[in-house]
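The next block holds one structure in the form of structure tokens; read it before the comments.
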Amino acid sequence: MKRRKKPKASSRVRDRYPVERNGCYPYLVRFLEHFAARGYSPHTVQLRSDALRGFLRWLDERGITRPQDVTRPILERYRRHLYHHRKDNGEPLTFATQAQRLIPIRGFFKWLARENYILSNPASELELPRVHRRLPAHIFEPEEIERMMAHTLVHGELGVRDRALLETLYSSGIRRSELINLKLYDADLKNGSLRVRWGKGGKDRYVPLGARAIHWIARYLEEVRPAIVIEPDEGWLFLHEFGEAFSKNRLSDLVKKYLRAAGIDKPGAAHLFRHAMATHMLTNGADIRFIQAILGHAQLTTTEIYTHVSIAKLKEIHALTHPAERPRSPGTGTET
């Protein structure tokens, strides 16, 4: 199998308002350095950077170039801007996304005030949107997962890689970012475990890996990876056909390809496997604290959301145990 050549990056300028020209930018650089020095993961630092660069771009469009000129009414305007903003598909930003973009701004101005770059903190009373904990809207059925797995067989050697990747997502329940960060030495196929480095909150953990996932990972490592790796080998476990680690978008596109092939009309991609693993294990009797450990949730309340998803099991138990559902003797109204 020949490795595909990576297409050249577009030379189109994406940023009409480069934030580097804004007077707030030097403060942003120092804040991010401070944030990284406190031990936060590169992924978290990047998320903070993206949110703050978007805010600086918004300020620049309005001629605001110094942090000293940012007031509470200006921050409230930005909060309303996020509320009314529409994505390319016409949908609004979720309240969770709005909060994720406002939280770094609060931290930024708190740091500016503490370092005496500004006299007072205009974001000290900035209210965040209320984020409601929602049930996962869509969960894979076991037969849907099997249909997706079967479709990998038509893609030859890359299908072996895809099968190994999908099996890993389903078996371990790891996040998209955790999968693309896996190194070769993180997969212990002999003992059936994965080491997840820099998980959410910068925490490492070990998760079990099932026999089926181990089989396909071993096939991929033996038959496919040597043909697509680019030397010097940086040691990423799963490689794109360009010979480099997957990006988040490429991984999502790959999963969506198999969703379409299997005729599954459910929004989402890699995270659906995480929901499916937790729900299916709970339905089959797994203790919720074990699932919490596998998923890497800091709080049990985060994992408990899956107890509300497994409605089929709840209905079965309800039918077997509720007094009104138990069979009665004909004509007597008494239980048999």
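A few remarks follow.
- Flag if ALA164 is open to solvent by less than 70 Å² (accessible area, probe 1.4 Å) and either among the polar types (S, T, N, Q) or in contact with a Phe, Trp or Tyr (Cβ under 6 Å, 6 or more places away or on another chain) (or both): yes
- Failed item, numbered, when HIS280 is tested on (1) outside any loop (DSSP other than H, G, I, E, B); (2) touching a residue at least 60 places away in the same chain (Cβ under 8 Å); (3) within 16 Å of the chain's Cα centre (by Cα): (3)
- Hits in the range 210-242 - residues which are within 30 Å of MET281 (Cα to Cα), of a type in the set (A, V, I, L, M) and open to solvent by less than 20 Å² (accessible area, probe 1.4 Å): ALA213, ILE217, LEU237, LEU239
- Here HIS84 does not qualify as farther than 30 Å from ARG38 by Cβ, touching a residue at least 24 places away in the same chain (Cβ under 8 Å) and not hydroxyl-bearing (Ser, Thr, Tyr).
- Members of the range 129-180 that are among the charged types (D, E, K, R) and assigned to a helix (DSSP H, G or I): GLU143, GLU144, GLU146, ARG147, GLU157, ARG161, ASP162, ARG163, GLU167, ARG176, GLU178
- Positions within the range 302-320 being open to solvent by 60 Å² or more (accessible area, probe 1.4 Å) and either modelled with pLDDT under 70 or closer than 19 Å to HIS271 by Cβ (or both), in sequence order: GLU304, HIS308, ILE311, ALA312, LYS313, LEU314
- Evaluation of GLU234 against (1) of a type in the set (D, E, K, R); (2) free of Cβ contacts under 8 Å to residues at least 60 places away in the same chain; (3) under 15 Å from LEU165 (Cα atoms) (one fails), failing number: (3)
- Taking the criterion of being small (Gly, Ala, Ser) and open to solvent by 40 Å² or more (accessible area, probe 1.4 Å), the residues of the range 97-136 that qualify are SER120, SER124.
- For ARG3, the conditions (1) modelled with pLDDT of 90 or more; (2) touching a helix residue (DSSP H, G or I) at 6+ places or on another chain (Cβ under 7 Å) all hold with the exception of (1).
- Top-ranked residue in the range 269-285 [being aliphatic (A, V, I, L, M) and touching a Gly at 6+ places or on another chain (Cβ under 9 Å); ranked as surrounded by the fewest Cβ atoms within 10 Å (Cβ to Cβ)]: MET281
- Test: ASP233 is over 19 Å from the mean Cα position of the chain (by Cα) and over 16 Å from MET277 (Cβ atoms): yes
- Some residue of the range 30-38 being without any contact (Cβ under 8 Å) to a residue 60 or more places away in the chain, open to solvent by 80 Å² or more (accessible area, probe 1.4 Å) and touching a strand residue (DSSP E or B) at 6+ places or on another chain (Cβ under 9 Å): no
- All conditions in (1) open to solvent by 20 Å² or more (accessible area, probe 1.4 Å); (2) not in a helix (DSSP H, G or I) hold for LYS256, with the sole exception of (2).
- Total residues in the range 181-200, condition part of a loop (DSSP other than H, G, I, E, B), open to solvent by 10 Å² or more (accessible area, probe 1.4 Å), more than 19 Å from ILE228 (Cβ to Cβ) and of a type outside the set (Phe, Trp, Tyr): 5
- Within the range 59-69, the set of residues being open to solvent by 10 Å² or more (accessible area, probe 1.4 Å), under 20 Å from SER124 (Cβ atoms) and of a type outside the set (D, E, K, R) comprises ILE64, GLN68.
- Conditions (1) outside any loop (DSSP other than H, G, I, E, B); (2) open to solvent by less than 80 Å² (accessible area, probe 1.4 Å): number failed by ARG80: (2)
The values are calculated or read from the model by the stated rules, or taken from the named source; none is laboratory data. Just so it is clear, the model here is predicted, and its values are computed rather than measured. Cβ atoms come from the backbone with ideal geometry, glycine included; neighbour counts cover every protein chain shown. To get the accessible areas, we keep the full protein, side chains included, count just its heavy atoms, and leave off ligands, DNA and RNA. Shrake-Rupley method; radii C 1.70, N 1.55, O 1.52, S 1.80 Å.
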